[in-house]
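Values quoted throughout were computed directly from the atomic coordinates according to the rules given, and no laboratory measurement underlies them. Quantities reported herein were computed from a predicted structural model and do not represent experimental measurements. Here the Cβ is made from the backbone with ideal geometry for all residues, glycine too, and neighbour counts use every protein chain on show.
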Amino acid sequence: MNRLITFSLFLLLLSQCIQLGLEKEKSSGSEGILLLLGTSTPEGTPYTWDLPPGFPTPKIPSDNPVTVEKVELGRFLFYDTKLSENETQSCGSCHKQEDAFTDGLTVSVGSTGQSHPRNAQHLSNVVYNLRQTWANPVLKKLEDQARVPMFGDNPVELGMKDREDLLLDRLTNDPDYVSKFKAAFPSDQNPFSILNITKALSSFQRTFISGNSAYDRYQAGDFSALSASAIRGKNLFFGEKAECFHCHGGFNFTDTILHVGTVFEEVTFHNNGLDSSRFVSPNGGLYEFTTKESDRGKFRAPSLRNVELTAPYMHDGSIPDLLSVVNHYVNGGTGDGTTNPNRDVFVRSFSLSESEKQDLVEFLKSLTDTEFTTNPKFQDPF
């Protein structure tokens, strides 16, 4: 009897909820009943991931689901010089698609001509990054990272600090952006905001998936994709002689990744044996954030995807080419870096013949994905 009464009350309450929802729908549109029943309003067309074999599903922030409309808006914003105060640079100025979204410079140069202390990182598979930038242990989300080049002043990159209103005015006065922002953020009464700019930029960058290199084709069964030299280099890379895989392992060739199913977010930074002169502030690495001397010179190990295209190498662009990188690790570091107490345990001298060094270089070159660097979905729309 009690169950019958309870069920009757439930039906009555549900009927009243539906009636209220219908009344709300008449006055404020069809989304009223959706809100009443706890279903979020549509945020656009869900983006469909076309992932290479072996790639896990990316983990996307719940407050910024990737949609086709946000990605399209982000593509325009990424290449638009309106995002710099003097309208001379865009995000794409330091992140060029043909270079796997690096700039080929030793260190990047901002819109006012000021040099950045560090080398521009590539953006291949940036959606899987557990941390952003070279050494910041707390910068997790691309949305937060996007604010750094736009509004940072040490160094000046895009130079928009305290010019947020100018940026928004430029965009709101562009008819194309009016329609694109409305499409990307349909439930926002006023979609023009700094937050939405960063959400769109991040959504576009999250689509930068690279997984069709010669190495990937070899792994998928095309054994003609790698030369004999590259195969020998692969065996060195993943073997106990060179041991490169300890810091550059997994599908993304790095040791810090985030995806759906990640159980433990292990954040690691390494001192790779560079000369101590390379670790002077502001290039102290993790030390800049912890002030622990044991953290001086520790940086995040970047993914080696498309590494052939991202020279020069290291956080300060101090190593010019891949063979020099191999020699650095064969020697167990550079200069006094070989005896640095902070040097990672896996950076130790070992012996390779000149032909083995070249084999390792050939393997690294096999990680180049030309489909990624020419994909029209990532190209400048202007």
Length added when fully stretched, Ser349-Val280, from 0.36 nm per residue minus Cα-Cα: 22.4 nm
Ser224 versus Leu139: modelled label distance in nm, points set 7 Å from Cα along the beta carbon direction: 4.5 nm
Dipole moment magnitude, nearest 20 debye, the stretch 68-210 about Cα centre, only Lys, Arg, Asp, Glu C-beta charged: 500 debye
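Taking the stretch 68-210, how much of its Cα-Cα pair set, in percent, is spaced more than 21 angstrom apart?
Values: 4029 of 10153 pairs.
Beyond 21 Å sits 40 percent of the P(r) for the stretch 68-210.
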Label-zone membership for the stretch 201-231, site Phe382, 7 angstrom Cα→C-beta point, backbone N under 16 Å: 201
Label selected from (1) 35.8, 113; (2) 20.1, 63; (3) 24.7, 87, the criterion being Rg and Dmax of the Cα atoms in Å as computed here: (3)
Burial order of peptide ranges 222-232, 157-167, 99-109 (average beta-carbon count within 10 Å, highest first): 99-109, 157-167, 222-232
Cβ-based net charge around Trp134, under 11 Å, with every Lys or Arg adding one and every Asp or Glu removing one: +2
Residue-wise HN-Hα coupling along the stretch 360-375, computed from phi with Karplus coefficients 6.51, -1.76, 1.60 (Hz; x: Gly, Pro): 5, 4, 4, 5, 4, 5, 6, 8, 6, 10, 5, 4, 5, 7, 10, 4
Charged-residue dipole, Cβ positions (Lys, Arg, Asp, Glu), the stretch 214-366 about Cα centre, Debye nearest 20: 40 debye
Rg and Dmax of the stretch 241-363, Cα atoms only, in Å: 14.6, 42
Centre separation in Å (Cα based) which lies between the stretch 111-176 and the stretch 309-337: 27 Å
